[in-house]
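J.: What follows is a single structure, and I will ask about it in a moment.
Rule-based calculations on the coordinates, nothing more; no lab input. Note that the structure is predicted; figures quoted are calculated from it, not measured. Counting neighbours? That spans all protein chains shown, and the Cβs are built from the backbone with ideal geometry, glycine included.
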Amino acid sequence: MSDLIAVEHVGKQYQTSSGPVEALHDVSLAVGAGEFCTVIGPSGCGKSTLLGMLGGLVAADSGRVLVDGRPVTAPDPRRVATVFQEAGLFPWRTALENVEFGLEVQGVPRERRRAVATELLGPLGLRDFGAKYPRELSGGMRQRVAIGRALAIDTQIILMDEPFGALDEQTRLLMGEWLLDIWRRTRKTVVFVTHSLHEALALSTRVVVMTARPGRIKSVLELPMPYPRAMESPEMAALRARLWGEIRDESRRAMGER
Amino acid sequence: MSAETLRVRVLQAASVLALFAAWEGVARAGWVDPLFVPAPSAVARAFGRIGGSALAGLGDTLLKTAVAYVLSVVFGVAFGVAIGSVRALREVLSPFVVAVYGMPKILVLPWIVLILGFGTAPAIVYGTIHGFFPILVLVIGGVRDVDRTLVTVARAFGASTWQLYWKVLLPAIVPTVLAGMRLGIVFCLLGVLIVEMFAGVRGMGHVMGSLANGFQAPELFAATALVSAASIAIVLALDTLNDRLSHWRG
Amino acid sequence: MRVLALRAAILAAFLLAWEGTARAANPLLYVPPSAALPALARLLTLDSYPDLVPSLLLTLREIAIAYGLAIAAGLGCGAALGLNRVIGRAYAPILGALYAVPAVVWYPSLMLFFGLDAASKIAFGFLLGFFPITLAVLAGIRQVNPHMLAVARAFGARPPTVFVKVMIPAMMFTLVGGLRTGLALSVIGVIVGEVLGSKSGMGSLINHAYGLFRTADYVALVLVTLALVVGSDAIASAVEGRAQRWSE
């Protein structure tokens with residue numbers, strides 16, 4: 001498996017009112033095509049910053065980020081699509097029009113993008129909701145529209161920054177299953193940021209654990225198990241214990257910082 | 001209609017009727033000088049007398065207001081978007097905008113009249129100035145308050161600067177622009193009327209000023225009622241338009 | 001720091017441009033800063049207008065009375081509308097409709113009734129200030145969280161106590177905003193009234209200078225009046241800051 005995404009010794013500092021803060025320190029990471037790579041870590045560990053760098057929205061102070069062999073300097077909607085925690089739907093556009101947005105920006109003609117978006121509504125579970133406005137949709141539905149918007153531009157890579165963070169637990173679980181289904185069908189490469197241990201273990205082929213600020217890669221767990229995962233099995237339970245062990249200290253450090 | 005709504009309507013109708021009845025009664029009993037407080041019946045008759053000239057005056061005023069309104073909306077939105085969307089401009093210019101906005105514009109009116117003379121030009125210029133600033137301030141605020149996430153999303157999907165303005169910023173500020181337009185019409189009309197009262201030869205402001213000087217109370221009240229009704233009608237129309245266009249906001 | 005420097009530069013550029021164009025076009029009409037400053041000096045030494053001080057005091061007095069009346073009536077009406085649901089629902093829309101009418105339409109009637117003296121200016125200033133205060137009191141009362149009131153009553157508080165100890169602090173922010181707007185509008189009302197026709201006060205001096213084409217003196221008078229306006233708003237702003245700290 002070739003490395004589709006390569007992060008090489010990346011560092012990032014932010015200027016705050018109380019002085020400079022180091023968000024990322026010497027982070028290196030590689031993600032192969034077709035992987036579902038989860039980045040997990042305590043609050044403030046820089047995982048969103050890292051994702052922002054992959055998406056071309058944040059510039060690294062040191063090191064570089066390569067996608068498909070090319071350095072990332074700006075958002076590249078032909079290769080990378082992003083889903084944010086706040087769905088970020090345009091309230092004046094219907095669900096369908098929101099899904100179309102990426103295609104519209106790229107100048108795809110009206111009929112074609114309408115067709116692509118309409119076809120996506122089925123797998124999104126929103127077939128009857130295309131004409132609804134965001135305010136008429138539930139949180140879970142809005143995130144599905146946001147994911148649909150990312151799927152519509154048919155990129156090889158999809159970045160997701162805690163997309164289910166604002167949802168209640170039951171919706172989260174359902175959305176996770178649904179996302180897994182979509183991923184397995186479309187075979188895209190997903191980089192998924194989350195707080196949730198369950199999501200990391202249920203969804204990913206690889207879990208990257210980050211330290212508390214300044215963020216470094218603490219460890220990488222490979223999860224070659226088949227899908228769907230039997231979360232109650234002894235194997236998964238052991239992995240879960242191990243993962244929590246890795247994260248727990250970092251979380252405590254992050255909490256203590258505050 | 002709920003019981004409470006019924007009570008509300010009854011109260012409204014009863015108050016208005018009672019007010020007019022008391023007014024008519026007081027006027028007829030001679031408790032007030034009819035020179036200053038005419039009876040409603042006298043005012044009603046006065047409508048007939050001044051009808052023609054009042055409507056002509058109103059038409060003139062509304063025409064000038066319309067021109068001033070278009071100008072203030074176009075400039076207000078254009079400058080508002082320009083200043084609001086460029087952070088550097090906004091920070092540097094903010095105090096100037098606020099200062100000029102807070103200044104009573106009437107202080108420059110005599111000067112405008114000295115330069116432009118009497119008549120239509122100063123009315124349109126002053127009306128535009130009056131409506132421009134509230135719209136400008138409102139639009140700057142609206143642009144500044146556009147949800148950052150929407151801009152980030154657009155950039156993530158590769159939107160160019162032009163696309164950002166056209167597909168994100170402008171649709172996002174539609175409610176603000178509508179609010180500004182709703183505010184602007186009253187300010188423009190106000191400005192035009194003030195100029196007509198100060199240095200007008202035509203228009204409702206001038207008509208009302210002359211009636212006041214001539215102590216023609218019934219006619220003045222009639223004219224006042226006419227302008228008020230027109231103003232309320234215009235604002236109501238704009239509000240309805242506003243509601244129609246905001247269906248997605250809920 | 002850079003921002004301040006830029007603003008100073010813009011101001012300087014503006015004044016320079018004014019000086020240049022005014023001199024080139026018609027210095028008498030356009031009054032460049034170099035003509036305005038000496039006129040201001042003449043004004044402040046009571047040279048050009050000896051009755052500057054009485055005029056200023058009169059205008060201030062008109063504002064004070066107009067605003068005082070506006071507060072009294074505004075608080076009363078706002079409370080009546082806000083505390084009684086039926087009255088509020090009945091009369092608030094009527095008030096809103098009247099607010100949609102440009103206030104200056106009332107002025108000729110006021111002039112007819114009160115004449116050209118201070119009374120008509122006070123009446124007009126009162127009218128302008130009354131609306132924002134009433135609407136602010138109404139809005140303030142309406143936005144008080146009913147849960148807070150329920151909690152207070154659950155602890156046995158009587159209506160007057162509830163009003164003073166819960167409602168007033170909860171609506172302080174909206175109320176003070178309305179009071180500040182009311183002051184600004186009362187000031188404008190008085191000034192507009194004076195400019196449109198009066199025998200005394202700052203507005204009449206302005207009219208006098210304008211009528212005699214004494215443009216430089218006119219500019220000086222405008223500057224002094226502006227100082228009055230800015231000063232009153234600054235005081236209001238300071239009081240607003242105090243009130244906010246007190247209510248927290």
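J.: Would you mind giving the mean number of other chain beta-carbons within 10 Å of the Cβ of each residue in A:80-93, as a whole number?
T.: Average neighbour count from other chains, rounded to a whole number: 5.
J.: Sequence-distant or interchain residues sharing an amide H contact under 5 Å with A:Leu24, placed H: which?
T.: Residues meeting the criterion, in which the H sits 1.01 Å from N, are A:Lys12, A:Gly215.
J.: Measuring from the lowest to the highest alpha carbon on each principal axis, how far does segment A:3-83 reach, largest first, in angstroms?
T.: 41, 25, 24 Å, listed from the longest principal axis down.
J.: Right, here's the next one. Zone of C:Ala227 (label point 7 Å along Cα→Cβ, backbone N under 13 Å): which residues in segment C:55-96?
T.: Those under the cut-off are C:56-57.
J.: Tally Lys/Arg at +1 and Asp/Glu at -1 over every other residue whose Cβ is under 12 Å from the Cβ of A:Leu221; what's the total?
T.: Values: positive: A:Arg206, A:Lys218, A:Arg240, A:Arg242; negative: A:Glu222, A:Glu246.
Its environment carries a net charge of +2.
J.: Taking the highest mean first, how do the peptides B:186-195, A:198-207, B:41-50 order by number of other beta carbon atoms within 10 angstrom per residue? Mind dumping the intermediate values first?
T.: Values: B:186-195: 28.9, A:198-207: 21.4, B:41-50: 16.0.
Per-residue Cβ counts within 10 Å, averaged per peptide and sorted highest first, yield B:186-195, A:198-207, B:41-50.
J.: On a straight-distance basis, which lysines could pair with A:Lys47 in a cross-link, Cα separation under 28 angstrom, same-chain partners fewer than 8 positions away excluded?
T.: Within the straight-line cut-off, A:Lys47 pairs with A:Lys12, A:Lys188, A:Lys218.
J.: Let me ask another. Could you tell me how far the Cα centroid of segment C:121-193 sits from the Cα centroid of segment A:95-156, in Å?
T.: Going from one Cα centre to the other spans 46 Å.
J.: Could you grab the Rg to Rh ratio for the protein assembly as shown? Cα atoms only, Kirkwood for Rh. The partial results should precede the final answer.
T.: On the way: Rg = 33.0 Å, Rh = 30.9 Å.
Using Cα coordinates only, the ratio equals 1.07.
J.: Across the residues of B:186-194, average count of Cβ atoms on other protein chains within 10 Å?
T.: That average works out to 4.
J.: Could you give the angle, 0 to 90 degrees to the nearest 10, between helix C:215-247's Cα long axis and the longest principal axis of the Cα atoms of chain C?
T.: Once rounded, the angle reads 20 degrees.
J.: Here's a follow-up. Indicate the gyration tensor shape class of segment C:1-138 (rounded, prolate or oblate), computed on the Cα atoms with a ≥ b ≥ c the square roots of the eigenvalues: a/c under 1.5 is rounded; otherwise a/b larger than b/c is prolate and the rest oblate.
T.: Cα axes put segment C:1-138 in the prolate bin.
J.: To test your reading of the geometry: what angle, between 0 and 90 degrees and rounded to tens, separates the Cα axis of helix C:2-25 from the longest principal axis of chain C?
T.: 50
J.: In nanometres, what is the gap between the two model label sites at A:Arg127 and B:Ala78, each 7 Å from Cα along Cα-to-Cβ?
T.: Spacing of the two 7 Å Cα→Cβ label points: 5.1 nm.
J.: Name the residue farthest towards the positive end of the dipole of segment A:101-194 from the options A:Val108, A:Leu180, A:Ser138, assuming +1 on Cβ of Lys and Arg, -1 on Cβ of Asp and Glu, about the Cα centre.
T.: Farthest towards the positive end: A:Val108.
J.: For segment A:34-170, what does the relative contact order come out to in percent, with C-alpha contacts under 8 Å and a separation of six or more?
T.: 32
J.: In whole Hz, what ³J(HN,Hα) sequence does segment C:163-178 give by Karplus (6.51, -1.76, 1.60; θ = phi - 60°), x for Gly and Pro?
T.: 5, 6, 8, 10, 5, 4, x, 5, 9, 4, 4, 4, 4, 5, x, x
J.: For chain B, take the alpha-carbon Rg, divide it by the Kirkwood Rh, and send me Rg/Rh. Mind showing how you got there, number by number?
T.: Details: Rg = 23.0 Å, Rh = 21.1 Å.
Expressed as Rg/Rh, it is 1.09.
J.: Mind checking which lysines have their Cα closer than 21 Å to the Cα of B:Lys64? Skip sequence neighbours fewer than 8 apart in that chain.
T.: B:Lys105
J.: So for each of B:91-103, C:120-132, B:65-77, B:112-124 I average, over its residues, the number of other beta carbons within 10 Å; can you give me the resulting order with the highest mean first?
T.: The most tightly packed comes first, giving C:120-132, B:65-77, B:112-124, B:91-103.
J.: Hey, another quick one. If packing is taken as the average number of other Cβ atoms within 10 Å across a peptide's residues, how do C:98-104, A:77-83 rank, most packed first? Each step should come with its number before you reach the end.
T.: Values: C:98-104: 19.9, A:77-83: 22.6.
Per-residue Cβ counts within 10 Å, averaged per peptide and sorted highest first, yield A:77-83, C:98-104.
J.: Follow-up. Over chain C, consider all pairs of different Cα atoms and compute the Kirkwood hydrodynamic radius from their mean reciprocal separation; express it in Å, one decimal.
T.: 20.8
J.: Based on alpha-carbon centroids, what's the gap between segment A:4-82 and segment A:208-258 in Å, whole number please?
T.: 20
J.: Between A:Ser18 and B:Arg87, how many nm apart are label points set 7 Å from Cα along the C-beta direction?
T.: Taking the simple label geometry, A:Ser18 and B:Arg87 are separated by 2.2 nm.
J.: Same structure again: Hey, can you list the DSSP H helices of chain B whose Cα span along the axis is 15 Å or longer and whose average Kyte-Doolittle score is at least 1.6?
T.: Span-like helices in chain B: B:174-199.
J.: Turning to a different aspect of this structure: Against the longest principal axis of chain C, how steep is helix C:202-211, in degrees 0 to 90 to the nearest 10, with axes from Cα atoms?
T.: Rounded to the nearest ten degrees, it is 30.
J.: What is the distance in Å between the Cα centres of segment B:102-170 and segment B:15-34?
T.: So the two Cα centres are separated by 46 Å.
J.: Okay, next question. Could you tell me which residue out of A:Gly122, A:Gly19, A:Ala81 lies farthest along the dipole of segment A:13-141 toward its positive end? Charges go on the beta carbon: Lys and Arg +1, Asp and Glu -1, centred on the Cα centre.
T.: Value computed over the given set: A:Gly122.
J.: Next question. Counting only C-alpha contacts under 8 Å and six or more residues apart, can you give the relative contact order of segment C:38-247 as a whole percent?
T.: Across segment C:38-247, relative contact order equals 29 percent.
J.: Still on this structure: So what is the orientation-averaged projected area of segment C:4-69, using the convex hull of its C-alpha atoms, in nm²?
T.: That works out to 7.0 nm², a quarter of the Cα hull's surface.
J.: Let me ask something additional. Within 10 Å of each candidate Cβ there may be at most 15 other Cβ atoms; applying that plus a DSSP loop requirement, which chymotrypsin sites (Phe, Trp or Tyr not before Pro) in segment C:169-218 survive?
T.: Loop-located and lightly packed - C:Phe213.
J.: Sequence neighbours fewer than 8 away in the same chain don't count; with that in mind, list the aspartates and glutamates whose C-alpha is under 13 Å from B:Lys167.
T.: By straight Cα distance, B:Lys167 reaches A:Glu97, A:Glu100, A:Glu104.
J.: Using helices alone, I'd like the mean residue ellipticity at 222 nm for chain B: each DSSP H run of four-plus residues gives -39500 (n - 2.57), total over residue count, nearest 500.
T.: Value at 222 nm, helices only, nearest 500: -27000 deg cm²/dmol.
J.: How much length, in nm to one decimal, is gained on full extension between B:Ala121 and B:Arg7, taken as 0.36 nm per residue of separation minus their Cα-Cα distance?
T.: Stretched fully, the B:Ala121-B:Arg7 segment lengthens by 36.1 nm.
J.: Continuing with the same structure: Rounded to the nearest 500, what is the 222 nm mean residue ellipticity of chain A from helices alone, with -39500 (n - 2.57) per DSSP H run of 4+ residues and division by all residues?
T.: Taking each H run of at least 4 residues, the total per residue is -12000 deg cm²/dmol.
J.: Taking amide hydrogens as modeled 1.01 Å from N in the peptide plane, which residues meet the under 5 Å criterion relative to A:Lys218, leaving out close sequence neighbours?
T.: Under 5 Å from the amide H of A:Lys218: A:Val209, A:Met210, A:Thr211.
J.: Hey, another quick one. Assuming 1.567 mPa s and 4 °C, estimate D for chain A with Stokes-Einstein, Rh taken as the Kirkwood radius over Cα pairs, in µm²/s.
T.: It comes out at roughly 68 µm²/s.
J.: Here's a follow-up. Report, as an integer, the average count of C-beta atoms from other chains found within 10 Å of each Cβ along B:156-167.
T.: Per residue, the average neighbour count from other chains is 5.
J.: Taking a label point 7 Å from the Cα of B:Ala29 along the Cα→Cβ vector, which residues of segment B:214-232 have an amide N closer than 14 Å to it?
T.: None, by backbone N distance to the label point.
J.: OK, next. Given 10 °C and 1.306 mPa s, compute D for segment C:90-225 with the Stokes-Einstein relation, Rh being the Kirkwood radius over Cα pairs; round to the nearest whole µm²/s. Don't skip to the answer; put the middle values down first.
T.: Details: Rh = 17.5 Å.
This corresponds to a translational diffusion coefficient of 91 µm²/s.
J.: Could I ask something else about it? Amide H to amide H under 5 Å from A:Thr82: which residues, 5+ apart in sequence or cross-chain, H placed 1.01 Å off N in plane?
T.: Close amide H contacts, sequence-distant or interchain: A:Leu159.
J.: Given the rule -39500 (n - 2.57) for each run of at least 4 DSSP H residues, summed and divided by the residues of chain C, what is its mean residue ellipticity at 222 nm, to the nearest 500 deg cm²/dmol?
T.: -27000 deg cm²/dmol
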